[in-house]
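J.: The structure that follows is given in the form of structure tokens.
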Ligand code: EPU
């Protein structure tokens, strides 16, 4: 165990953006794929559960901590090729890849600037923002199969990407993401699809214009990690935007109009999703269910800038956070009959 660098009782809260939760019984940081396989073999031999920690920005750690081995992902290779291909290790900070791409004038990640976390998490939850999602530029995902500890390369069709979803998220026990190959577009046009972005810069903006506008929008919503921002201790969006059938969306809209929540059906934000389904706006549902921005329950509150973000103001517990989340979920269910699903992963 000592040759593997495994430590005992390591606090996890400082390694997460929510800064909540207890310690890992065992903890190790790995910098390459063979070290990863070695520590997982050790855990398997000990009959101990293991979990991977990336940037900690989409993770909720229970107050009791983790009764097993937490592996802190540090695989850090990063290679930008001339043709727009980027190979990045799972432990590389996400913004480093975005920076490298934009400094070369490569398109494909410009809307995904300002997102905390590391490369490994990007394909797991198919990170998306402002009209782009990472699945659009993933060429390959390098994985370690947990069962055999063999390295494999998956193509996008294998990854079953969806809205904040993938094979890796649906079957967390199967693969560990070790690295991602991105296929970007040297000197390609910027993506300006999101209405809010379009309104800010117009359709023929440069990559740098898009990046600047996205960073400004994120800053206004307290979705940049800034220690001076009172809303900074969060895991970003706490709930997924619900994707419902067209009929269900119409039911919600009808109810909102009948109950005078809005004056007209067009006032209810909703967006077309795949297969004729409709994406509702969870932040809007939360506010209209009576949970205003800035609502507090002790050390936990709704962000003052965005109702979809829960913030830890310091001195709280994960139990407090989950209790408030349950309260919000119940309020939205009672008001609109819509069930919100948690977005960040619970370490269990
Ligand atoms: N809205 C409200 N009240 C709020 C917040 C939002 O009414 O407090 C309404 C807005 O007016 C708008 C709609 O909800 O009509 C959508 O809001 P916004 O554009 O802020 O985006 P979002 O749907 O709340 C999603 C992602 C974010 C991503 C933004 C921008 C999810 C779960 N969240 O948020 O991702 O940055 O779009 O693309 O899909 C994250 O995953 O952690 C995250 C921050």
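J.: Taking the options 110, 95, 136, name whichever one is within 16 Å of the ligand (Cβ to nearest atom), within 19 Å of the chain's Cα centre (by Cα) and over 28 Å from residue 18 (Cα atoms). Let's see the steps before the verdict.
T.: Numbers: 110 fails: over 28 Å from residue 18 (Cα atoms); 95 fails: over 28 Å from residue 18 (Cα atoms).
Of 110, 95, 136, the one residue that is within 16 Å of the ligand (Cβ to nearest atom), within 19 Å of the chain's Cα centre (by Cα) and over 28 Å from residue 18 (Cα atoms) is 136.
J.: Out of all the residues in the range 152-166, which are in contact with a helix residue (DSSP H, G or I) (Cβ under 6 Å, 6 or more places away or on another chain) and either in contact (Cβ under 8 Å) with a residue 24 or more places away in the chain or closer than 17 Å to residue 89 by Cβ (or both)?
T.: Scanning the range 152-166 gives 159, 161, 166.
J.: Write out, first by first residue and then by second, each pair whose Cβ atoms fall under 6 Å of each other, whose residues are 6+ apart or on separate chains, and whose first residue, in the range 335-348, is closer than 29 Å to residue 27 by Cβ while the second is more than 14 Å from the ligand (Cβ to nearest atom) and part of a loop (DSSP other than H, G, I, E, B).
T.: If the second residue must be more than 14 Å from the ligand (Cβ to nearest atom) and part of a loop (DSSP other than H, G, I, E, B), the pairs left are 347/61.
J.: Consider residue 123 against the criteria (1) more than 16 Å from the ligand (Cβ to nearest atom); (2) in contact with a strand residue (DSSP E or B) (Cβ under 6 Å, 6 or more places away or on another chain); (3) part of a helix (DSSP H, G or I): it satisfies all of them except one. Which criterion is unmet?
T.: Here residue 123 clears every test but (1).
J.: Shifting gears a bit: Would you list the helices (runs of 4 or more DSSP H) that sit entirely within the range 245-348 and hold 3 or more residues that are modelled with pLDDT of 95 or more, more than 13 Å from the ligand (Cβ to nearest atom) and within 22 Å of the chain's Cα centre (by Cα)? Before the answer, list the steps.
T.: Values: elements: 246-258, 282-288, 318-336.
Ranges flagged: 318-336.
J.: Return only the number of the condition from (1) surrounded by 12 or more Cβ atoms within 10 Å (Cβ to Cβ); (2) away from the ligand (no atom under 16 Å from the Cβ); (3) under 25 Å from residue 295 (Cβ atoms) that residue 205 does not satisfy.
T.: Status for residue 205: all satisfied but (3).
J.: In this structure, does residue 233 turn out to be surrounded by 15 or more Cβ atoms within 10 Å (Cβ to Cβ) and more than 30 Å from residue 81 (Cα to Cα)? Talk me through it step by step, then tell me what you get.
T.: On the way: surrounded by 15 or more Cβ atoms within 10 Å (Cβ to Cβ): yes; more than 30 Å from residue 81 (Cα to Cα): yes.
It is true that residue 233 is surrounded by 15 or more Cβ atoms within 10 Å (Cβ to Cβ) and more than 30 Å from residue 81 (Cα to Cα).
J.: If only one of 184, 215 is modelled with pLDDT of 95 or more, buried (at least 19 other Cβ atoms within 10 Å of the Cβ) and not assigned by TED's automatic domain parsing to the domain that holds residue 309, which one is it? Break it down stepwise before answering.
T.: Values: 215 fails: buried (at least 19 other Cβ atoms within 10 Å of the Cβ).
Answer to the check: 184.
J.: Please work out if residue 54 is at pLDDT 95 or above, crowded, with 19+ Cβ neighbours inside 10 Å, within 16 Å of the ligand (Cβ to nearest atom) and not assigned by TED's automatic domain parsing to the domain that holds residue 176.
T.: Numbers: at pLDDT 95 or above: yes; crowded, with 19+ Cβ neighbours inside 10 Å: yes; within 16 Å of the ligand (Cβ to nearest atom): yes; not assigned by TED's automatic domain parsing to the domain that holds residue 176: yes.
Against the criterion (at pLDDT 95 or above, crowded, with 19+ Cβ neighbours inside 10 Å, within 16 Å of the ligand (Cβ to nearest atom) and not assigned by TED's automatic domain parsing to the domain that holds residue 176), residue 54 qualifies.
J.: Consider residue 226 carefully, then state whether it is more than 29 Å from residue 84 (Cα to Cα), within 16 Å of the ligand (Cβ to nearest atom) and under 21 Å from the mean Cα position of the chain (by Cα).
T.: Against the criterion (more than 29 Å from residue 84 (Cα to Cα), within 16 Å of the ligand (Cβ to nearest atom) and under 21 Å from the mean Cα position of the chain (by Cα)), residue 226 qualifies.
J.: Run down 82, 108 and say which single residue is at pLDDT below 95 and more than 30 Å from residue 310 (Cβ to Cβ). Even if it seems obvious, please write down each step before you answer.
T.: Details: 108 fails: at pLDDT below 95.
After applying the criteria, what remains is 82.
The values are calculated or read from the model by the stated rules, or taken from the named source; none is laboratory data. Predicted, not measured: the structure shown is a model, and the values here were computed from it. All Cβ positions, even for glycine, are placed from backbone atoms using ideal geometry, and neighbour counts span all protein chains on display.
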